[in-house]
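The values are calculated or read from the model by the stated rules, or taken from the named source; none is laboratory data. Bear in mind the structure is a predicted one, so any value in this text is a computation, not a measurement. Counting neighbours? That spans all protein chains shown, and the Cβs are built from the backbone with ideal geometry, glycine included. Remember, those area values only see protein heavy atoms, side chains included, never the ligands or the DNA or RNA. Shrake-Rupley method; radii C 1.70, N 1.55, O 1.52, S 1.80 Å.
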Amino acid sequence: MNIDIKRLQLEIDELSLISENPPPVVTRVLFSEADLRARDFVKNLCREAGLLLREDAVGNIFARWEGSDKSAAPVATGSHIDAIPNAGKYDGVVGVLGAIEAIRSLQKTGVKPKRSIELIIFTAEEPTRFGIGCLGSRLMSGVLSPQKASTLRDREGKDLDFWRAQGHKNEPVESVRLAQNCYSTFVELHIEQGPILERESIDIGIVEKIAAPSTLQVQLTGVGGHAGAVLMPERHDALLAGAEIALAVEAAAKTSGSPDTVGTTGVFRIEPGAVNSVPCRAWLEIDLRDTQLSTRDAALQKIEEAAPEICERRGVKIEMNRLNVDPPAICDANLVQMISTICKDAGVSHKRMISRAYHDSLFMAQICPTTMIFIPCRGGVSHRPDEYSSPEQIEKGVAVLAAMLAQLAE
Ligand code: HGY
Ligand code: MN
Ligand code: MN
């Protein structure tokens with residue numbers, strides 16, 4: 001596969017400059033001005049590669065390389081280009097721009113796919129806007145209903161329809177749902193977002209399972225007041241109740257009995273946010289995951305029991321909501337084996353592994369046979385501006401993806 005890694009690296013670097021923050025920070029939140037510009041940038045690359053473009057009602061982008069057998073279910077690949085605040089330039093992007101380069105390299109070598117090959121750029125893989133990740137692929141797979149999606153609100157109280165209008169999308173959200181097996185297979189290329197491949201000097205990870213994510217939203221209402229006048233025994237401080245809950249999240253993850261349980265209170269907002277005013281309200285978003293569903297659920301239950309007790313003791317009102325509680329995804333064994341054979345034939349070191357991060361593959365696995373190709377990232381770092389994968393590592397990942405797409409589409 002003659003992968004033009006120089007061109008691909010330039011495109012990755014150029015896309016990274018389309019951000020809500022100055023370089024090296026990448027931030028692109030659903031339908032923000034930067035997200036819209038990034039979408040245009042990628043759609044232009046798809047057009048230049050001769051792909052047929054369409055977008056759905058929530059901004060999932062589909063770019064198709066038509067195959068000779070239009071009746072056959074296409075092969076799909078793809079990832080996301082949205083980025084959380086203070087992110088890097090490879091998360092998601094490698095699986096989108098890398099897939100375009102994989103297709104270009106197959107076109108150059110004269111491959112004529114029987115099955116069409118469709119690149120999907122998923123809308124809002126990151127949870128930043130509404131607190132829930134994989135908005136686009138959840139709606140595609142039916143895991144999230146249009147009704148539930150219409151109840152989502154961002155921190156300014158704006159809903160999905162408001163943001164769809166910014167993205168000039170007005171078709172009904174119901175139209176996003178995809179039919180079972182509308183694709184023959186889905187393969188996503190992504191950086192590992194963990195240290196294993198680099199630590200073991202392995203070129204390619206082949207994902208067999210994607211960990212089970214969940215998100216809790218917690219609204220705490222205490223009693224505000226003057227920081228000088230309200231004496232300690234009379235206080236109902238919403239921040240301190242939230243702080244105890246955040247520590248309960250950490251304790252639930254640490255005492256789960258599994259090293260794979262991870263708990264994070266990633267969002268913690270307080271009001272009024274004045275140094276001389278007792279916090280009257282707090283908003284927490286809690287991310288809890290494990291590779292085993294039962295372990296994740298047991299830890300979730302511990303948090304849901306601890307939080308009301310903490311609030312009862314502190315005289316703080318609590319409203320808690322499970323925003324998403326997803327099962328893990330098991331990747332398709334045949335696809336895993338195919339990638340293993342491709343790596344073996346190409347003399348590329350490889351390892352079957354679990355993904356601790358979630359991806360749109362978690363939901364595509366509910367539509368069709370799915371797996372992921374991982375490449376190492378420096379120090380396992382991700383969701384930080386210093387996230388990095390080398391051109392050599394990216395080139396190997398794209399070459400394996402290209403070989404996989406060619407095989408699946410023939
Ligand atoms: O949070 C995740 O696992 C993904 O990077 N959105
Ligand atoms: Mn991410
Ligand atoms: Mn990602």
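Do the conditions hold for Ala165, that is, is it within 19 Å of Ser214 (Cα to Cα), aliphatic (A, V, I, L, M) and away from ligand 2 (no atom under 16 Å from the Cβ)? Can you show your working first?
Details: within 19 Å of Ser214 (Cα to Cα): no; aliphatic (A, V, I, L, M): yes; away from ligand 2 (no atom under 16 Å from the Cβ): yes.
Against the criterion (within 19 Å of Ser214 (Cα to Cα), aliphatic (A, V, I, L, M) and away from ligand 2 (no atom under 16 Å from the Cβ)), Ala165 does not qualify.
Okay, residues lined up against (1) open to solvent by less than 50 Å² (accessible area, probe 1.4 Å); (2) of a type outside the set (Asp, Glu); (3) in contact (Cβ under 8 Å) with a residue 12 or more places away in the chain:
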| position | (1), (2), (3) |
| --- | --- |
| Ala298 | no, yes, yes |
| Glu312 | no, no, no |
| Asn321 | no, yes, yes |
| Asp332 | yes, no, yes |
| Lys344 | no, yes, no |
| Ser349 | yes, yes, yes |
| Ala357 | yes, yes, yes |
| Ile373 | yes, yes, yes |
| Ser382 | yes, yes, yes |
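Which pairs have Cβ atoms under 9 Å, sit 6 or more apart or on different chains, and link a residue in the range 78-89 that is touching a residue at least 60 places away in the same chain (Cβ under 8 Å) to one that is aromatic (Phe, Trp, Tyr) and within 13 Å of ligand 1 (Cβ to nearest atom)?
Correct list of pairs: Gly78/Phe122; Ser79/Phe122; His80/Phe122; Ile81/Phe122.
Scan the range 247-264 for residues that are closer than 17 Å to Leu216 by Cα and open to solvent by 40 Å² or more (accessible area, probe 1.4 Å) and report the count.
Going through the range 247-264, the residues closer than 17 Å to Leu216 by Cα turn out to be 247-253, 261-264.
From what is left, the residues that are open to solvent by 40 Å² or more (accessible area, probe 1.4 Å) are 247, 250-251, 262, 264.
Final tally of qualifying residues: 5.
Is there a residue in the range 130-143 that is among the hydroxyl-bearing types (Ser, Thr, Tyr) and either within 17 Å of Gly50 (Cβ to Cβ) or not assigned by TED's automatic domain parsing to the domain that holds Thr370 (or both)?
Going through the range 130-143, the residues among the hydroxyl-bearing types (Ser, Thr, Tyr) turn out to be 137, 141.
Then keep just the ones that are either within 17 Å of Gly50 (Cβ to Cβ) or not assigned by TED's automatic domain parsing to the domain that holds Thr370 (or both); that gives none.
No, the range 130-143 contains no residue that is among the hydroxyl-bearing types (Ser, Thr, Tyr) and either within 17 Å of Gly50 (Cβ to Cβ) or not assigned by TED's automatic domain parsing to the domain that holds Thr370 (or both).
Which of the helices (runs of 4 or more DSSP H) found entirely inside the range 113-176 contain at least 3 residues meeting this: over 16 Å from Arg39 (Cβ atoms), free of Cβ contacts under 8 Å to residues at least 24 places away in the same chain and open to solvent by 10 Å² or more (accessible area, probe 1.4 Å)? Walk me through how you get there before you give the answer.
Details: elements: 135-141, 146-150, 160-166.
Hits in the range 113-176: 146-150.
Report whether or not Asp360 is within 16 Å of ligand 3 (Cβ to nearest atom) and of a type in the set (Asp, Glu). Steps first, answer last, please.
Details: within 16 Å of ligand 3 (Cβ to nearest atom): yes; of a type in the set (Asp, Glu): yes.
Considered against the rule, which asks whether it is within 16 Å of ligand 3 (Cβ to nearest atom) and of a type in the set (Asp, Glu), Asp360 comes out as yes.
Out of contact with any Leu (no Cβ under 9 Å at 6 or more places or on another chain) and either assigned to a helix (DSSP H, G or I) or farther than 25 Å from Asn86 by Cβ (or both): which single residue out of Gly273, Gly242, Gly257 fits that description? Even if it seems obvious, please write down each step before you answer.
On the way: Gly273 fails: either assigned to a helix (DSSP H, G or I) or farther than 25 Å from Asn86 by Cβ (or both); Gly242 fails: out of contact with any Leu (no Cβ under 9 Å at 6 or more places or on another chain).
The conditions single out Gly257.
Identify, from the list Ala357, Ala346, the residue that is more than 29 Å from Arg177 (Cβ to Cβ) and not assigned by TED's automatic domain parsing to the domain that holds His236.
Values: Ala357 fails: more than 29 Å from Arg177 (Cβ to Cβ).
It is Ala346.
So, of the residues in the range 189-230 that are open to solvent by less than 20 Å² (accessible area, probe 1.4 Å), in a strand (DSSP E or B) and out of contact with any Asp or Glu (no Cβ under 9 Å at 6 or more places or on another chain), which turns out to be farthest from Glu392 (Cα to Cα)?
Ile210
For the range 384-410, name all the residues that are in a helix (DSSP H, G or I), within 15 Å of Leu197 (Cα to Cα) and open to solvent by less than 10 Å² (accessible area, probe 1.4 Å). Lay out the reasoning, then the answer.
Keep residues of the range 384-410 that are in a helix (DSSP H, G or I), which gives 391-409.
Restricting the remaining residues to those that are within 15 Å of Leu197 (Cα to Cα) gives 392-394, 396-397.
Hits for the range 384-410 are Ile394, Gly397.
Give me the strands (runs of 3 or more DSSP E) completely within the range 49-101, filtered to those with at least 2 residues that are within 20 Å of the chain's Cα centre (by Cα) and either surrounded by fewer than 20 Cβ atoms within 10 Å (Cβ to Cβ) or in the same structural domain as Gly266 (by TED's automatic domain parsing) (or both), ordered by residue number. Show your work before the answer.
On the way: elements: 52-55, 61-65, 75-79, 83-87.
It comes to 83-87.
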